[in-house]
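Structure, as structure tokens:
Here, each number is a calculation from the coordinates, and none is a lab measurement. Please read these numbers as outputs of a predicted model, since none were measured by experiment. Note that we place each Cβ from the backbone using ideal geometry, even for glycine, and neighbour counts take in every protein chain shown.
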Amino acid sequence: MAFNMELLIWIAYLGAALLVILGLKFLHSTMAEVREIGAPGKKKDDAAPVASDAANAMATAENIIIVPGYGMAIAQAQHKICELSKILQEKGVRVSFAINPVAGRMPGHMDILLAEAGVPYDIIFDLENINDQFPTCDVALLIGANDIVNPAARDDTSSPIYGIPMLDADKARQVFIIKRGQGAGFSGIENLLFSGDNTRMCYGDAKDEVQKLIMDIKSL
Ligand code: NAP
């Protein structure tokens with residue numbers, strides 16, 4: 001009887017140890033997933049194939065709108081973006097640049113950088129002249145942009161950025177967004193565009209990611 005009791009206690013100990021190990025394994029894999037996704041509730045971003053998907057989508061698009069934001073200025077990616085636009089045009093893609101008047105950190109910030117890089121003026125459009133073209137645009141490529149494409153500015157009357165000029169990039173058929181991670185914009189508020197159904201996140205420094213796009217498109 002005593003022997004059976006001892007055996008039962010050992011079995012109970014072993015069972016408990018097994019449960020603890022399984023629990024720890026579950027916790028570990030959950031934490032790994034959270035780290036990969038960035039935050040609970042965000043959709044998973046399959047980082048590896050996004051750049052090549054973006055390259056394919058852009059090379060086969062009829063028209064593309066590129067939206068530069070403050071991150072383009074930080075990365076000094078304007079020359080690479082100009083190069084990308086030329087390569088796409090050579091493939092017969094119609095490329096336009098959309099400028100939000102509050103993009104960057106000073107009036108005209110994006111215009112100055114694009115002009116410095118040699119982007120022709122006739123493919124650069126102010127918000128009021130391009131916003132209605134997003135719904136018929138195959139790909140919107142957002143580079144280091146956040147607040148200027150936040151739908152809360154248009155749709156959420158309780159948002160602190162409600163009413164600021166907003167580019168309707170979320171209405172494009174496909175949206176690719178290049179930024180380094182989950183960093184907030186100037187306003188510090190969440191941007192639901194980043195988890196939209198037609199949105200793919202392409203994480204990395206703007207200059208490096210655009211360079212990868214150029215290489216991928218050239219190799220197609
Ligand atoms: P933003 O809201 O400041 O967002 C810029 C984004 O760029 C960040 O979310 C950041 O995300 C990303 N980023 C930073 N470094 C990067 C890099 N090296 N490569 C790729 N991405 C990078 O910029 P915005 O959309 O242009 O909006 C401008 C904001 O500034 C507005 O809120 C506007 O009201 C305000 N503002 C404008 C002026 C003006 O006169 N234009 C003046 C003052 C304030 P990650 O960290 O994840 O990369």
### Task
Please get the size of the charge dipole for the range 57-183, origin at its Cα centre, with Cβ charges of +1 on Lys and Arg and -1 on Asp and Glu, quoted in debye to the nearest 20.
420 debye
### Task
Could you pull out the longest piece of the chain with no exposed loop trypsin sites (Lys or Arg not before Pro) in it, calling a site exposed if DSSP puts it outside H, G, I, E, B and it has at most 11 other Cβ atoms within 10 Å?
106-220
### Task
May I ask you to evaluate 6.51 cos²θ - 1.76 cosθ + 1.60, the Karplus curve with θ = phi - 60°, for each residue of the range 214-220 and list the ³J(HN,Hα) values in order in whole Hz, giving x for glycine and proline?
4, 4, 4, 5, 5, 7, 6
### Query
Which percent, nearest 5, of DSSP beta bridges in the chain are antiparallel?
0 percent
### Query
What list of ³J(HN,Hα) values in whole Hz, one per residue of the range 111-128 in order, does the Karplus curve 6.51 cos²θ - 1.76 cosθ + 1.60 (θ = phi - 60°) give from phi, with Gly and Pro shown as x?
4, 4, 5, 5, 5, 4, 7, x, 6, x, 4, 6, 10, 9, 10, 6, 3, 5
### Summary
Rounded to the nearest 10, the angle in degrees between the Cα long axis of helix 47-59 and the longest principal axis of the Cα atoms of the chain comes to 30 degrees
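Suppose every Lys and Arg Cβ carries +1 and every Asp and Glu Cβ carries -1, with no other charges. What dipole size does the chain come out with about its Cα centre, to the nearest 20 debye?
On the way: 19 positive and 27 negative charges, 100 e Å.
The calculated dipole for the chain is roughly 480 debye.
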